[in-house]
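The values are calculated or read from the model by the stated rules, or taken from the named source; none is laboratory data. In this text the structure is predicted, and so the values were computed from the model without any measurement. For neighbour counting, all protein chains shown are included, and Cβ atoms are generated from backbone atoms with ideal geometry for every residue, glycine included.
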Amino acid sequence: MKKQLANMVSSSRILAGIALFFFSEITAGFIAIYSYCGFTDFIDGPIARKTNSTSAIGGALDTVGDVVTYVALAKILIAQSLVPGWILIWFITAALGILSSALVAKKKHGKFILCHSLFGKIMGGCIFLLPFATLLIGMTVYLTIFCCVASVAAGESILIQVFNKKGEENTVTLYKLLKENKADEENAA
């Protein structure tokens, strides 16, 4: 049971994310469920590491939970015309950059890998904070900041896959990966 706890948390986020699709605007109920999704996203990884139960399935559940939650948010933002068209194009371009990193991994390692990188995590945090932060600094300003982070995350993901020699999925920073590659080269010499 302990070994499945992280996957159960991630699965509950997927179900909560699906519930978000039933909202047509950002209400108190939406924020409550959305906050639950953010909280469970924050704790599933540490739970998996603490219980020594990290797995490819867990990583996939985490990614699906993120996608479902944030697509539900995007649905409302776009339906209410809260996102300028140029921001939407910018974000789609950054998202395609992140997805193209998985294609680089497929070519190099024979499998699609969406790495969990530092700026990817920062981007996830920015997405989660979106409904809250836009109240403080405005939608367009916050979305511009978010798209800058998403663009850096896309570049980071592509570079990680280019330099990823082992086909690992949990690379956190490009710096760490390059440092490990250098150590491996020195050990081999």
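Tell me whether region 97-111 contains one or more residues that are within 27 Å of Asp44 (Cα to Cα), assigned to a loop (DSSP other than H, G, I, E, B) and outside the structural domain of Ser24 (by TED's automatic domain parsing). Yes, region 97-111 contains at least one residue that is within 27 Å of Asp44 (Cα to Cα), assigned to a loop (DSSP other than H, G, I, E, B) and outside the structural domain of Ser24 (by TED's automatic domain parsing).
For region 112-139, the set of residues classified as more than 20 Å from Thr69 (Cβ to Cβ) and at pLDDT 90 or above consists of Ile137 only. Checked against (1) under 20 Å from Lys121 (Cβ atoms); (2) in contact (Cβ under 8 Å) with a residue 40 or more places away in the chain; (3) surrounded by fewer than 19 Cβ atoms within 10 Å (Cβ to Cβ); (4) not charged (D, E, K, R), Ile43 passes all but condition (2). Considering region 1-11, the residues that are over 17 Å from the mean Cα position of the chain (by Cα) and not basic (Lys, Arg) include one that is farthest from Lys75 (Cα to Cα), namely Met1. For Glu156, the stated conditions hold: it is in contact with a helix residue (DSSP H, G or I) (Cβ under 9 Å, 6 or more places away or on another chain), under 29 Å from Leu73 (Cα atoms), of a type in the set (Asp, Glu) and surrounded by 13 or more Cβ atoms within 10 Å (Cβ to Cβ).
Restricting Ser55, Ser35, Ser81, Ser101 to those that are under 15 Å from the mean Cα position of the chain (by Cα) and polar (S, T, N, Q) reduces the list to Ser101. Suppose the filter is surrounded by fewer than 14 Cβ atoms within 10 Å (Cβ to Cβ), without any contact (Cβ under 8 Å) to a residue 60 or more places away in the chain and not hydroxyl-bearing (Ser, Thr, Tyr); does Phe119 pass it? In short, no.
Looking only at residues in region 23-38 that are in contact with a helix residue (DSSP H, G or I) (Cβ under 9 Å, 6 or more places away or on another chain) and of a type in the set (A, V, I, L, M, F, W, C), the one that is surrounded by the fewest Cβ atoms within 10 Å (Cβ to Cβ) is Ile31. Give the residues of region 72-97 that are farther than 19 Å from Tyr142 by Cβ and either surrounded by fewer than 17 Cβ atoms within 10 Å (Cβ to Cβ) or free of Cβ contacts under 8 Å to residues at least 60 places away in the same chain (or both), sorted by residue number. Matches in region 72-97: Leu96 only. Hey, can you tell me all the residues within region 6-25 that are of a type in the set (A, V, I, L, M, F, W, C) and either at pLDDT 90 or above or not assigned by TED's automatic domain parsing to the domain that holds Lys75 (or both)? Passing the criteria: Met8, Val9, Ile14, Leu15, Ala16, Ile18, Ala19, Leu20, Phe21, Phe22, Phe23. Ser151 meets the conditions (1) within 24 Å of Ser55 (Cα to Cα); (2) among the hydroxyl-bearing types (Ser, Thr, Tyr); (3) touching a residue at least 60 places away in the same chain (Cβ under 8 Å) in every case but one. The failed one is (1).
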